[in-house]
1. Name the single residue that is modelled with the lowest pLDDT among those in the stretch 87-114 being in a loop (DSSP other than H, G, I, E, B), more than 10 Å from the chain's Cα centre (by Cα) and not aliphatic (A, V, I, L, M).
2. I'm trying to understand the selection: among the residues of the stretch 22-38, which are among the basic types (Lys, Arg) and more than 11 Å from residue 7 (Cα to Cα)?
3. What single numbered condition from (1) under 18 Å from the mean Cα position of the chain (by Cα); (2) over 17 Å from residue 7 (Cβ atoms); (3) not aliphatic (A, V, I, L, M) fails to hold for residue 41?
4. Output yes when any residue across the stretch 56-75 is farther than 21 Å from residue 153 by Cβ and in contact (Cβ under 8 Å) with a residue 12 or more places away in the chain, and no when none is.
5. Please go through the stretch 60-78 and give me each residue that is surrounded by 18 or more Cβ atoms within 10 Å (Cβ to Cβ) and over 16 Å from residue 94 (Cα atoms), ordered by number.
6. Does any residue of the stretch 36-48 turn out to be over 30 Å from residue 138 (Cα atoms), hydrophobic (A, V, I, L, M, F, W, C) and surrounded by fewer than 15 Cβ atoms within 10 Å (Cβ to Cβ)?
7. Residue by residue through the stretch 124-142, note down the ones that are loosely packed, with under 11 Cβ neighbours inside 10 Å and part of a helix (DSSP H, G or I).
Amino acid sequence: MGWNWVKHLAKSEDVWVLTRANNRGPIERALAKEPLERARFIYYDLPRYLSFWKKQHRGIRLYYYLWQIGAYLRVRKLHREIHFDVAHHITFVKYWMPCLLVLLPVPLIWGPVGGGESMPRAFRRGLSGRGRLYETLRDIARSIGEYDPLVRLTARRAALASRLRRLRRSGSSHSVAGVSKSMANPV
């Protein structure tokens, strides 16, 4: 999904994309076939010893938080040189996870975000025990995320955010619109 946003925005705007280093190969292959003259890519990963947390989803959310901190520091440094007009957080698409780019002194477009869907309880009866546990833990994580101070800060400060009822509970009241020169952040 993030790639399509970058392709679209780069048709008319300068776009700086911060993404994980493991995306370099696919991005460079795609650019060889279809160059995006106005897109610049910055690859960032946490130190290798922290990759333990993302293996088999054991601590993917902790890894994401740590990545957000490092990504913010990297983008803040870039912003001092480039002076972005706007930041746009495109992927990881969970409204209950923060985007620390909201700390930059530019407007943040947060989304599209999702993750607010819940499987109806009546449907859960058809799941295995493991499936029911997964859905229950997902509901708990989402509920906790709605009270996370960084998520609430992201929702309150985002200049624009996808419309989602649960976003409103976190403090957002904005909807998606167009952008100018952007900093895309496909996680």
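The values are calculated or read from the model by the stated rules, or taken from the named source; none is laboratory data. Please read these numbers as outputs of a predicted model, since none were measured by experiment. Using ideal geometry, Cβ is built from the backbone for each residue, glycine included, and neighbour counts are taken over all protein chains shown.
1. Let us first name the residues in the stretch 87-114 that are in a loop (DSSP other than H, G, I, E, B), namely 90-93, 95-99, 104-107, 111-113.
After this cut, where a residue has to be more than 10 Å from the chain's Cα centre (by Cα) as well, the list is 96, 104-107.
Restricting the remaining residues to those that are not aliphatic (A, V, I, L, M) gives 96, 105, 107.
Values: 96: 79, 105: 93, 107: 90.
Applying the filter and picking the extreme gives 96.
2. Going residue by residue through the stretch 22-38, those that are among the basic types (Lys, Arg) are 24, 29, 33, 38.
Result: 24, 29, 33.
3. With respect to (1) under 18 Å from the mean Cα position of the chain (by Cα); (2) over 17 Å from residue 7 (Cβ atoms); (3) not aliphatic (A, V, I, L, M), residue 41 is out only on (2).
4. No, every residue in the stretch 56-75 fails to be farther than 21 Å from residue 153 by Cβ and in contact (Cβ under 8 Å) with a residue 12 or more places away in the chain.
5. Matches in the stretch 60-78: 71, 72, 75.
6. Taking the stretch 36-48 first, the residues over 30 Å from residue 138 (Cα atoms) are 36-42.
Pick out the ones that are also hydrophobic (A, V, I, L, M, F, W, C) and you get 36, 39, 41-42.
Still in the running and surrounded by fewer than 15 Cβ atoms within 10 Å (Cβ to Cβ): none.
No.
7. Here is the first cut: in the stretch 124-142, the residues loosely packed, with under 11 Cβ neighbours inside 10 Å are 125-126, 128-130, 137, 140.
Answer for the stretch 124-142, where residues must be loosely packed, with under 11 Cβ neighbours inside 10 Å and part of a helix (DSSP H, G or I): 129, 130, 137, 140.
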